1. Check off (1) part of a loop (DSSP other than H, G, I, E, B); (2) modelled with pLDDT under 95; (3) not β-branched (V, I, T) for P118 and give me the number that stays unchecked.
2. I want to confirm something. Restricting to the stretch 189-212 and keeping residues that are in a loop (DSSP other than H, G, I, E, B) and without any contact (Cβ under 8 Å) to a residue 40 or more places away in the chain, which single residue is surrounded by the most Cβ atoms within 10 Å (Cβ to Cβ)?
3. When only residues in the stretch 42-64 that are among the aliphatic types (A, V, I, L, M) and not in a loop (DSSP other than H, G, I, E, B) count, which is surrounded by the fewest Cβ atoms within 10 Å (Cβ to Cβ)?
4. From the list G204, G242, which one is out of contact with any helix residue (DSSP H, G or I) (no Cβ under 6 Å at 6 or more places or on another chain) and in the same structural domain as G103 (by TED's automatic domain parsing)?
5. I'd like the full set of residues that are of a type outside the set (S, T, Y) and either within 17 Å of G146 (Cβ to Cβ) or not assigned by TED's automatic domain parsing to the domain that holds P118 (or both), limited to the stretch 173-197.
6. Of the conditions (1) within 21 Å of the chain's Cα centre (by Cα); (2) modelled with pLDDT under 95; (3) closer than 24 Å to A246 by Cβ, G109 fails just one. Which one is it?
7. With respect to the numbered conditions (1) outside any helix (DSSP H, G or I); (2) of a type in the set (A, V, I, L, M); (3) more than 16 Å from the chain's Cα centre (by Cα); (4) surrounded by 15 or more Cβ atoms within 10 Å (Cβ to Cβ), which one is the sole condition not fulfilled by V151?
Amino acid sequence: MVRLAIALALLGVLALAPPAAARLLLDEQQCPPPGFDALQSFDVNQYIAQRWYVQKQEPLVYQPEDRLFCVFAEYKPLEEDPLDGLLVNNYANEGGINGPVVGTSQVNGGPWTTATIPDKRRPSKLRVGIALGGSESSPGIRLGRGGDYWVVAAGQSEGPANRSGSLYDWAIVTGGSPDRRSNGACAAGSSSDLVRSLQTNDVGLWLFTRKPVDPTNTQLMMSKLAELGLDPSGLVDVPQQGCAYACGPGSGSCD
């Protein structure tokens, strides 16, 4: 009877509350947020046309905070059609701006990393992982399924003068579906802090821009996170000011 009374009381509150507040109370228990998904309309050719600079991201076991300086990502088709797979070049400095270079694939001999698109009808849903034996002429053999990489929002800068010439000047990427409750919102990754601290797949949040320093689009993306129901509390700033980006993809060993 007590449970029934509580349930009836809650229904009464929802009935009297404004629609937005009622939705908030109902949606508070739901992760991922209702209707959450990667972009339905997405042009992968436009997405990979230029370099992406990370403005903010969640530190991860393979991208700890002391390696989050001057971070950028480049994606190159492994075949003629990018839907058949991408080479992933991640670049970063360790310890500080213009510190030692770390990365993947063509960056300082890092682990060969590729992205696949399991469903070519949904190219905004990729899977990224390490591949053994990869080279310029071979994609290598993928270890496991890889981790989900979802482009959940992307667009052009509001002012034409700030646009890069691509359909996308900014992008928000999640490590797949944000199934975890976090600070009244949702986030990707295990609900266990210990497991998440060791997790390499299906975790993370990234804010990308085409310009190395782009406070305008960074603020726009922070607002988008609230609209999407994503928790921004785990994000850290990624310094880009003063970065030389020395020894980038294709430069060989930087040691």
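1. Here P118 meets the rest and fails (2).
2. Checked the stretch 189-212; the qualifying residue surrounded by the most Cβ atoms within 10 Å (Cβ to Cβ) is G189.
3. Checking each candidate, the answer is V44.
4. Testing whether each residue is out of contact with any helix residue (DSSP H, G or I) (no Cβ under 6 Å at 6 or more places or on another chain) and in the same structural domain as G103 (by TED's automatic domain parsing) leaves just G204.
5. V173, G175, G176, A188, G189
6. Condition (1) is where G109 drops out.
7. Here V151 meets the rest and fails (3).
Listed here are the residues, each with its yes/no results for (1) crowded, with 18+ Cβ neighbours inside 10 Å; (2) not β-branched (V, I, T).
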residue: I97; (1), (2): no, no
residue: Q106; (1), (2): yes, yes
residue: G133; (1), (2): no, yes
residue: G159; (1), (2): no, yes
residue: G176; (1), (2): yes, yes
residue: S182; (1), (2): no, yes
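The values are calculated or read from the model by the stated rules, or taken from the named source; none is laboratory data. Keep in mind that what you see is a predicted model, and the values were worked out from it rather than measured. Neighbour counts are summed over all protein chains in view; Cβ atoms, including those assigned to glycine, are modelled from backbone coordinates with ideal geometry.
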